[in-house]
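This report refers to the structure that appears directly beneath it.
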């Protein structure tokens, strides 16, 4: 199963909101995935298929083995859906 990590600065509030929105969008798209949320420093030690984070935090994850998907508004399910559609293989 595909593994997706939703990342914010502290791994608390915003990444949880992003995770819930990503799970909802994936369900609408009919895609099954294991979605988790964490902070940026923990994310660098993990190896999911995809990391979803903001443009700002993506810079600190440069060179990571996972494919990084940029979402700037964690509340905007349309942006999340467009980002997922453009990046999921």
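Annotations
- Those residues of the stretch 72-89 which are assigned to a loop (DSSP other than H, G, I, E, B), more than 14 Å from residue 6 (Cα to Cα) and either modelled with pLDDT of 95 or more or under 13 Å from the mean Cα position of the chain (by Cα) (or both), in sequence order: 76, 88
- Checklist (1) within 11 Å of the chain's Cα centre (by Cα); (2) surrounded by fewer than 19 Cβ atoms within 10 Å (Cβ to Cβ) applied to residue 15, failing item: (2)
- Residue check for residue 69: in contact with a helix residue (DSSP H, G or I) (Cβ under 6 Å, 6 or more places away or on another chain), modelled with pLDDT of 95 or more and closer than 16 Å to residue 86 by Cβ: yes
- Residue count for the stretch 44-66 satisfying the condition of being surrounded by 14 or more Cβ atoms within 10 Å (Cβ to Cβ) and closer than 15 Å to residue 80 by Cα: 5.
The values are calculated or read from the model by the stated rules, or taken from the named source; none is laboratory data. Remember, predicted model here, so these are calculated numbers, not experimental data. Positions of Cβ are backbone-derived with ideal geometry, glycine not excepted, and every protein chain shown enters the neighbour counts.
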